[in-house]
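Here is the structure we will look at, set down as structure tokens.
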Amino acid sequence: MYVGITGIILCGGKSVRMGQNKALLELGGMRVIERVIDVMGRIFPTLLLVANTPGDYAFTGVETVRDVIPEGGSLVGLYTGLRHVKTDKAFAVACDMPFLNEALIRRMADSSSNEDALIPRTLDGLQPLHALYSASCVPTLAEVVGSGEKRIRKAFEGLTVREFGWDEISPIDPEGRSFMNVNTPQEWERALAIAGETA
């Protein structure tokens, strides 16, 4: 257990493309959010959910806080979560990532040092919603949020960011499934197929 790191799970999306709350869809006998909590809870002793609708997640038993700006996007969710953590660092993931890899998250946590953010770079680019952040990011995030910006990447301009490269990721997760999320019915079908393969 990484006692100095809080696990933040961002649940703020409106799931417009899916047409229903993707975090509550069932995959392999568990809701997606339960799969995320299961993995994160094996690594971090303290978890925090950030949501626009906290009541939807009361069944999880995990502390849930409301976004400081309703429907403000992932940047606001991250800012909200970091404002509430009592640890020096937090590992943030999205609520719709059903194939998180415990070994990969642990490797990232072990690799963290003094940077403000440790962000994986896959073949698809940076993955800011599967990343480690320092609580020291809060002032910079507050400034960016206050400007009306919604993109997490914009905040990186004012932070010390270290990339966690594909050469470090691929030996643990060669297909990059850790970073897969389920925003659309097509992505959900793919997730169901993968869950069927691994059942």
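The values are calculated or read from the model by the stated rules, or taken from the named source; none is laboratory data. What you see is a predicted model, and the numbers here were worked out from it, not measured in a lab. Cβ sites come from the backbone with ideal geometry, for glycine too, and all protein chains shown count toward neighbours. Heavy atoms of the whole protein, side chains included, go into the accessibility calculation; ligands, DNA and RNA do not. Shrake-Rupley method; radii C 1.70, N 1.55, O 1.52, S 1.80 Å.
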Q. Once the Cβ-Cβ distance between Asn114 and Met180 is put in as r, and R0 is 25 Å, what FRET efficiency do you end up with, to the nearest 0.05?
A. 0.25
**Q.** Convex hull of region 118-166 built on C-alpha atoms - directionally averaged projected area, nm²
**A.** 3.4
Q) Given the protein chains as shown and a 1.4 Å probe, how many square angstrom of Cys95 are accessible, to the nearest 10? A) 10
Q: Please report Rg over Rh for region 37-86, where both radii come from the alpha carbon positions and Rh follows the Kirkwood definition.
A: 0.96
Q. According to a simple spin-label model (label point 7 Å from Cα along Cα-to-Cβ), what is the distance in nm between Ile172 and Thr53?
A. 3.3
Q: Round to the nearest 10 and report in Å² the accessible area of Arg162, as given by a 1.4 Å probe over the protein chains' heavy atoms.
A: 80
Q.
Given bins 5 angstrom wide, list per bin the percent of all Cα-Cα distances in region 1-121, short to long.
A. 2, 11, 22, 25, 21, 12, 5, 1, 0
Q) Tell me, in nm to one decimal, what length is gained between Leu192 and Arg121 on full extension, where the rule is 0.36 nm per residue of separation less the Cα-Cα distance? A) 23.0 nm
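In region 156-190, what GluC sites (Glu not before Pro) fall in a loop by DSSP, with at most 13 other Cβ atoms inside 10 Å? If you can, show how the numbers build up before the last one.
Numbers: sites: Glu157, Glu163, Glu168, Glu175, Glu187, Glu189; in loops: Glu175.
Counting only loop positions with at most 13 other Cβ atoms within 10 Å, the GluC sites (Glu not before Pro) in region 156-190 are Glu175.
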Q: Identify unpaired cysteines across the chain, taking unpaired to mean no other cysteine Cβ lies under 4.7 Å from the residue's Cβ.
A: Cys137
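Run the dipole for region 59-188 about the Cα centre, Lys and Arg Cβ at +1, Asp and Glu Cβ at -1, nothing else charged, and hand back the magnitude in debye, nearest 20. All intermediate terms of the calculation are to be shown ahead of the outcome.
Working: 13 positive and 19 negative charges, 57 e Å.
Dipole of region 59-188, to the nearest 20 debye: 280 debye.
Starting from the residue with the highest accessible area, list Arg190, Arg42 in decreasing order, probe 1.4 Å. Intermediate results must be reported in sequence, preceding the final value.
Numbers: Arg190 125, Arg42 100 Å².
So the residues, ranked largest to smallest area, are Arg190, Arg42.
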Q) What does region 87-199 give for Rg and for Dmax, in Å, if only its C-alpha atoms count? A) 15.1, 46
(Q) Let me check something: with ligands and nucleic acids excluded, how do Leu159, Leu49 order by accessible area (1.4 Å probe), largest to smallest? (A) Leu159, Leu49
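So what is the calculated 222 nm ellipticity per residue for the chain, using -39500 (n - 2.57) for each DSSP H run with n of 4 or more, over all residues, to the nearest 500 deg cm²/dmol? Mind dumping the intermediate values first?
Values: 7 runs with 64 residues, N = 199.
So the helix-based figure for the chain works out to -9000 deg cm²/dmol.
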**Q.** Sulfur and carbon atoms: percent of accessible area, the chain [1.4 Å]
**A.** 47
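What does the accessible area per residue of region 91-199 come to in Å², with a 1.4 Å probe and no ligands, DNA or RNA counted? If you can, show how the numbers build up before the last one.
Details: 5110 Å² over 109 residues.
Accessible area per residue: 47 Å².
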